[in-house]
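The values are calculated or read from the model by the stated rules, or taken from the named source; none is laboratory data. Only a predicted model underlies this, so the values are computations on that prediction, with no experimental measurement involved. Using ideal geometry, Cβ is built from the backbone for each residue, glycine included, and neighbour counts are taken over all protein chains shown.
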Amino acid sequence: MDKKKKKIARFGMFSKGAVYAIIGILTALAAFNLGGSKSGSGNALEFLSGQPFGEVLLAVLALGLFAYAFYRIYEAINGPGDSWSEGKGFVKRSGYIISGIFYGSLGFTAAKMVLGSGSGSGNGSMVSSIMSKPYGPYLIDFVALCIAGKGIFQLYKAYSGKFREDVEESDLNEKEREALIKGGKVGFTARGIVSLIVAFLFFKVALGDSGSGSGKGKVAAFEFLQNTFGATVMGIVALGLVAYAVYMFIQAKYPQMRL
(Lines give C-alpha, C1' and ligand atoms only; values in the text may rest on other atoms or scores of the structure.)
Protein backbone atom coordinates (compact mmCIF):
# COMPACT_ATOMS: atom_id res chain seq x y z
CA MET A 1 0.00 0.00 0.00
CA ASP A 2 1.60 3.28 -1.10
CA LYS A 3 1.70 6.47 1.00
CA LYS A 4 -1.36 7.98 -0.70
CA LYS A 5 -3.50 4.92 0.02
CA LYS A 6 -2.23 4.84 3.61
CA LYS A 7 -3.32 8.45 4.12
CA ILE A 8 -6.76 7.55 2.78
CA ALA A 9 -6.95 4.58 5.18
CA ARG A 10 -5.89 6.71 8.16
CA PHE A 11 -8.49 9.36 7.29
CA GLY A 12 -11.08 6.58 7.19
CA MET A 13 -10.06 5.22 10.59
CA PHE A 14 -10.30 8.67 12.14
CA SER A 15 -13.76 9.20 10.60
CA LYS A 16 -15.01 5.89 11.95
CA GLY A 17 -13.72 6.90 15.38
CA ALA A 18 -15.57 10.22 15.10
CA VAL A 19 -18.87 8.42 14.45
CA TYR A 20 -18.39 6.21 17.52
CA ALA A 21 -17.39 9.20 19.64
CA ILE A 22 -20.62 11.03 18.75
CA ILE A 23 -22.76 7.93 19.35
CA GLY A 24 -21.16 7.26 22.72
CA ILE A 25 -21.21 10.85 23.96
CA LEU A 26 -24.82 11.54 22.96
CA THR A 27 -26.04 8.29 24.54
CA ALA A 28 -24.00 8.79 27.72
CA LEU A 29 -25.40 12.31 28.09
CA ALA A 30 -28.92 10.88 27.76
CA ALA A 31 -28.17 8.16 30.32
CA PHE A 32 -27.04 10.67 32.94
CA ASN A 33 -29.79 13.23 32.17
CA LEU A 34 -27.37 15.76 30.70
CA GLY A 35 -29.11 16.11 27.35
CA GLY A 36 -28.31 14.05 24.29
CA SER A 37 -30.29 11.03 23.13
CA LYS A 38 -29.86 7.31 22.58
CA SER A 39 -28.02 7.24 19.28
CA GLY A 40 -26.81 5.12 16.40
CA SER A 41 -24.89 5.95 13.24
CA GLY A 42 -27.83 7.78 11.66
CA ASN A 43 -28.33 9.91 14.76
CA ALA A 44 -24.65 10.84 14.67
CA LEU A 45 -25.09 12.17 11.13
CA GLU A 46 -28.20 14.09 12.11
CA PHE A 47 -26.37 15.60 15.09
CA LEU A 48 -23.58 16.84 12.84
CA SER A 49 -26.05 18.29 10.36
CA GLY A 50 -27.51 20.48 13.10
CA GLN A 51 -24.18 22.01 14.10
CA PRO A 52 -22.65 25.25 12.78
CA PHE A 53 -21.10 24.44 9.40
CA GLY A 54 -23.01 21.16 9.61
CA GLU A 55 -23.00 20.57 5.87
CA VAL A 56 -19.23 21.02 5.74
CA LEU A 57 -18.75 18.60 8.65
CA LEU A 58 -21.06 16.06 7.01
CA ALA A 59 -19.27 16.38 3.69
CA VAL A 60 -15.90 15.77 5.34
CA LEU A 61 -17.29 12.82 7.30
CA ALA A 62 -18.83 11.36 4.12
CA LEU A 63 -15.42 11.47 2.43
CA GLY A 64 -13.87 9.85 5.50
CA LEU A 65 -16.43 7.05 5.52
CA PHE A 66 -15.84 6.43 1.81
CA ALA A 67 -12.13 6.32 2.63
CA TYR A 68 -12.72 3.69 5.32
CA ALA A 69 -14.90 1.67 2.94
CA PHE A 70 -12.10 1.78 0.36
CA TYR A 71 -9.57 0.60 2.95
CA ARG A 72 -11.69 -2.36 4.07
CA ILE A 73 -12.44 -3.53 0.55
CA TYR A 74 -8.79 -3.05 -0.46
CA GLU A 75 -7.84 -5.12 2.60
CA ALA A 76 -10.28 -7.86 1.58
CA ILE A 77 -8.75 -8.09 -1.88
CA ASN A 78 -5.05 -7.48 -1.17
CA GLY A 79 -4.63 -8.30 2.51
CA PRO A 80 -2.16 -10.96 3.68
CA GLY A 81 -3.04 -14.20 5.41
CA ASP A 82 -5.52 -16.93 4.52
CA SER A 83 -7.00 -16.67 1.02
CA TRP A 84 -10.64 -16.64 -0.06
CA SER A 85 -10.42 -20.38 -0.78
CA GLU A 86 -9.71 -21.17 2.88
CA GLY A 87 -12.48 -21.14 5.48
CA LYS A 88 -10.83 -18.72 7.88
CA GLY A 89 -9.77 -16.44 5.05
CA PHE A 90 -13.25 -16.46 3.51
CA VAL A 91 -14.88 -15.41 6.80
CA LYS A 92 -12.26 -12.74 7.51
CA ARG A 93 -12.29 -11.22 4.03
CA SER A 94 -16.08 -11.38 3.81
CA GLY A 95 -16.18 -9.42 7.06
CA TYR A 96 -13.99 -6.74 5.50
CA ILE A 97 -16.32 -6.54 2.49
CA ILE A 98 -19.41 -6.25 4.70
CA SER A 99 -17.69 -3.57 6.80
CA GLY A 100 -16.78 -1.69 3.63
CA ILE A 101 -20.33 -1.85 2.33
CA PHE A 102 -21.75 -0.64 5.67
CA TYR A 103 -19.44 2.36 5.99
CA GLY A 104 -19.76 3.14 2.31
CA SER A 105 -23.55 3.17 2.71
CA LEU A 106 -23.23 5.40 5.76
CA GLY A 107 -21.03 7.75 3.75
CA PHE A 108 -23.63 7.76 0.98
CA THR A 109 -26.32 8.66 3.54
CA ALA A 110 -24.16 11.53 4.81
CA ALA A 111 -23.63 12.75 1.24
CA LYS A 112 -27.38 12.67 0.57
CA MET A 113 -28.00 14.69 3.72
CA VAL A 114 -25.52 17.32 2.49
CA LEU A 115 -27.50 17.50 -0.75
CA GLY A 116 -30.77 17.71 1.20
CA SER A 117 -32.20 14.45 -0.11
CA GLY A 118 -31.92 12.07 2.80
CA SER A 119 -31.90 11.50 6.55
CA GLY A 120 -29.94 9.33 8.93
CA SER A 121 -32.72 6.84 9.71
CA GLY A 122 -34.78 4.23 7.91
CA ASN A 123 -33.48 0.77 8.91
CA GLY A 124 -36.76 -0.14 10.58
CA SER A 125 -38.74 -0.02 7.34
CA MET A 126 -36.10 -2.20 5.66
CA VAL A 127 -36.47 -4.90 8.31
CA SER A 128 -40.27 -4.76 8.02
CA SER A 129 -39.99 -5.10 4.24
CA ILE A 130 -37.72 -8.15 4.55
CA MET A 131 -40.03 -9.78 7.10
CA SER A 132 -42.97 -9.40 4.70
CA LYS A 133 -41.29 -11.86 2.31
CA PRO A 134 -41.65 -15.66 2.64
CA TYR A 135 -37.91 -15.99 3.19
CA GLY A 136 -37.81 -12.98 5.55
CA PRO A 137 -37.46 -14.79 8.90
CA TYR A 138 -34.64 -16.96 7.55
CA LEU A 139 -32.74 -13.96 6.21
CA ILE A 140 -33.18 -12.08 9.50
CA ASP A 141 -31.95 -15.17 11.37
CA PHE A 142 -28.87 -15.23 9.14
CA VAL A 143 -28.22 -11.54 9.78
CA ALA A 144 -28.63 -12.14 13.52
CA LEU A 145 -26.11 -15.00 13.40
CA CYS A 146 -23.59 -12.81 11.58
CA ILE A 147 -24.02 -9.98 14.10
CA ALA A 148 -23.74 -12.43 17.01
CA GLY A 149 -20.53 -13.81 15.51
CA LYS A 150 -19.22 -10.28 15.21
CA GLY A 151 -20.09 -9.59 18.84
CA ILE A 152 -18.29 -12.70 20.06
CA PHE A 153 -15.25 -11.81 17.96
CA GLN A 154 -15.20 -8.28 19.42
CA LEU A 155 -15.14 -9.74 22.94
CA TYR A 156 -12.38 -12.13 21.88
CA LYS A 157 -10.32 -9.22 20.53
CA ALA A 158 -10.89 -7.31 23.77
CA TYR A 159 -9.57 -10.03 26.08
CA SER A 160 -6.97 -11.67 23.84
CA GLY A 161 -5.31 -8.34 23.12
CA LYS A 162 -5.47 -8.93 19.35
CA PHE A 163 -6.63 -5.35 18.85
CA ARG A 164 -3.04 -4.33 19.57
CA GLU A 165 -1.91 -6.01 16.34
CA ASP A 166 -3.58 -3.24 14.32
CA VAL A 167 -1.42 -0.50 15.87
CA GLU A 168 2.31 0.16 15.44
CA GLU A 169 3.05 0.18 19.18
CA SER A 170 6.74 0.87 18.80
CA ASP A 171 5.88 4.46 17.85
CA LEU A 172 3.69 5.09 20.92
CA ASN A 173 4.80 6.88 24.06
CA GLU A 174 3.84 5.54 27.50
CA LYS A 175 0.58 7.51 27.81
CA GLU A 176 -0.52 6.59 24.31
CA ARG A 177 0.19 2.91 24.94
CA GLU A 178 -1.83 3.03 28.15
CA ALA A 179 -4.71 4.73 26.31
CA LEU A 180 -4.46 2.12 23.55
CA ILE A 181 -4.73 -0.83 25.93
CA LYS A 182 -7.52 0.64 28.06
CA GLY A 183 -9.42 2.01 25.08
CA GLY A 184 -9.11 -1.27 23.21
CA LYS A 185 -10.25 -3.50 26.06
CA VAL A 186 -13.14 -1.30 27.12
CA GLY A 187 -14.07 -0.29 23.59
CA PHE A 188 -14.16 -3.74 22.04
CA THR A 189 -16.05 -5.05 25.08
CA ALA A 190 -18.70 -2.36 24.61
CA ARG A 191 -18.94 -3.09 20.87
CA GLY A 192 -19.31 -6.79 21.62
CA ILE A 193 -22.11 -6.18 24.11
CA VAL A 194 -24.00 -3.92 21.72
CA SER A 195 -23.61 -6.36 18.82
CA LEU A 196 -24.87 -9.31 20.88
CA ILE A 197 -27.92 -7.33 21.99
CA VAL A 198 -28.68 -6.27 18.41
CA ALA A 199 -28.37 -9.93 17.35
CA PHE A 200 -30.75 -10.98 20.13
CA LEU A 201 -33.30 -8.39 19.00
CA PHE A 202 -33.04 -9.57 15.40
CA PHE A 203 -33.67 -13.16 16.54
CA LYS A 204 -36.80 -11.92 18.30
CA VAL A 205 -37.99 -10.24 15.10
CA ALA A 206 -37.43 -13.48 13.16
CA LEU A 207 -39.63 -15.24 15.73
CA GLY A 208 -42.42 -12.74 15.11
CA ASP A 209 -41.79 -10.10 17.79
CA SER A 210 -42.32 -6.97 15.69
CA GLY A 211 -42.00 -4.72 18.74
CA SER A 212 -38.37 -5.52 19.55
CA GLY A 213 -37.07 -2.53 17.61
CA SER A 214 -34.17 -4.34 15.94
CA GLY A 215 -34.45 -2.08 12.91
CA LYS A 216 -33.07 0.74 15.08
CA GLY A 217 -29.75 -1.07 15.59
CA LYS A 218 -27.66 0.51 18.34
CA VAL A 219 -30.58 2.69 19.48
CA ALA A 220 -32.64 -0.43 20.18
CA ALA A 221 -29.68 -2.01 21.96
CA PHE A 222 -29.34 1.03 24.22
CA GLU A 223 -33.08 0.99 24.90
CA PHE A 224 -32.80 -2.69 25.85
CA LEU A 225 -29.93 -1.92 28.22
CA GLN A 226 -31.85 0.94 29.84
CA ASN A 227 -35.09 -1.02 30.20
CA THR A 228 -33.37 -4.19 31.46
CA PHE A 229 -30.42 -2.98 33.53
CA GLY A 230 -31.04 0.72 34.03
CA ALA A 231 -29.75 4.00 32.64
CA THR A 232 -26.41 3.76 34.47
CA VAL A 233 -25.45 0.52 32.71
CA MET A 234 -26.53 2.03 29.40
CA GLY A 235 -24.31 5.03 30.11
CA ILE A 236 -21.33 2.84 30.99
CA VAL A 237 -21.64 0.90 27.73
CA ALA A 238 -22.02 4.18 25.83
CA LEU A 239 -18.81 5.47 27.41
CA GLY A 240 -17.23 2.22 26.27
CA LEU A 241 -17.96 3.26 22.70
CA VAL A 242 -16.20 6.55 23.39
CA ALA A 243 -13.21 4.47 24.55
CA TYR A 244 -13.40 2.61 21.23
CA ALA A 245 -13.30 5.95 19.44
CA VAL A 246 -10.09 6.80 21.34
CA TYR A 247 -8.65 3.48 20.18
CA MET A 248 -9.57 4.30 16.57
CA PHE A 249 -7.93 7.73 16.82
CA ILE A 250 -4.71 6.09 18.05
CA GLN A 251 -4.90 3.50 15.29
CA ALA A 252 -5.40 6.25 12.72
CA LYS A 253 -2.23 7.95 13.96
CA TYR A 254 -0.12 4.78 14.26
CA PRO A 255 -1.68 2.18 11.96
CA GLN A 256 -0.16 -1.24 11.44
CA MET A 257 -0.76 -1.90 7.74
CA ARG A 258 0.50 -5.16 6.30
CA LEU A 259 -0.61 -4.43 2.75
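Residue check: Gly24 meets all listed conditions (1) of a type outside the set (A, V, I, L, M, F, W, C); (2) farther than 17 Å from Gly235 by Cβ; (3) in contact with a Ser or Thr (Cβ under 9 Å, 6 or more places away or on another chain) but one, namely (2). Would you say Arg258 is within 19 Å of the chain's Cα centre (by Cα) and either part of a helix (DSSP H, G or I) or surrounded by fewer than 19 Cβ atoms within 10 Å (Cβ to Cβ) (or both)? So Arg258 fails the test. Meeting the requirement of 3 or more residues that are hydroxyl-bearing (Ser, Thr, Tyr) and either surrounded by fewer than 19 Cβ atoms within 10 Å (Cβ to Cβ) or touching a residue at least 12 places away in the same chain (Cβ under 8 Å) (or both), the helices (runs of 4 or more DSSP H) wholly within the stretch 1-114 are 3-31, 54-78, 87-114. Any residue at all in the stretch 169-176 that's closer than 30 Å to Glu46 by Cα and out of contact with any Pro (no Cβ under 7 Å at 6 or more places or on another chain)? Scanning the stretch 169-176, I find no residue that is closer than 30 Å to Glu46 by Cα and out of contact with any Pro (no Cβ under 7 Å at 6 or more places or on another chain), so the answer is no.
Applying the condition of being among the β-branched types (Val, Ile, Thr) and within 19 Å of Phe90 (Cα to Cα) to the stretch 140-157 and asking which residue is modelled with the highest pLDDT yields Ile152. Given the condition at pLDDT 85 or above, assigned to a helix (DSSP H, G or I) and exposed (fewer than 13 other Cβ atoms within 10 Å of the Cβ), answer yes or no: does some residue in the stretch 124-137 qualify? No, the stretch 124-137 contains no residue that is at pLDDT 85 or above, assigned to a helix (DSSP H, G or I) and exposed (fewer than 13 other Cβ atoms within 10 Å of the Cβ). In the stretch 243-259, the residues that are more than 16 Å from Asp171 (Cα to Cα) reach residues that are of a type in the set (Asp, Glu) with C-beta atoms within less than 8 angstrom, at least six apart or across chains, in these pairs: Leu259/Glu75.
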